[in-house]
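Report on the structure given below.
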């Protein structure tokens, strides 16, 4: 399956952004879109890729430093969390907390 329609759509979106049009040594986005054949498209796209990689451009993605997880309050966790993850495999069920959760569930069902 060809990815050409996706590439052309992406380049067309970039063409609308004037700040992305003028990069030293890079082919213009319009010239990539107007490539005469596949070989020309590949050559111009690789040229743009080299400029972007050598200049260390980064398109950052939105992110947060926290994990948002919903869970029953019947779990215990270690006092020290892993630096790069939730560490779900280190959690355990606290039997007294589990009894409280089950009692609340029964109370809600009874209403």
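The values are calculated or read from the model by the stated rules, or taken from the named source; none is laboratory data. Just so we're clear, the structure is a prediction, and the values are computed from it rather than from any experiment. Cβ: placed from backbone, ideal geometry, glycine included. Neighbour counts: every protein chain shown.
In the range 89-105, which residues are touching a residue at least 12 places away in the same chain (Cβ under 8 Å) and outside any strand (DSSP E or B)?
90, 91, 94, 97, 98, 100, 101
For the range 39-56, state whether one or more residues are over 30 Å from residue 102 (Cα atoms), modelled with pLDDT under 70, over 23 Å from the mean Cα position of the chain (by Cα) and surrounded by 10 or more Cβ atoms within 10 Å (Cβ to Cβ).
Within the range 39-56, the subset over 30 Å from residue 102 (Cα atoms) is 39-56.
Among the residues that remain, those that are also modelled with pLDDT under 70 are: 55-56.
From what's left, over 23 Å from the mean Cα position of the chain (by Cα): none.
Scanning the range 39-56, I find no residue that is over 30 Å from residue 102 (Cα atoms), modelled with pLDDT under 70, over 23 Å from the mean Cα position of the chain (by Cα) and surrounded by 10 or more Cβ atoms within 10 Å (Cβ to Cβ), so the answer is no.
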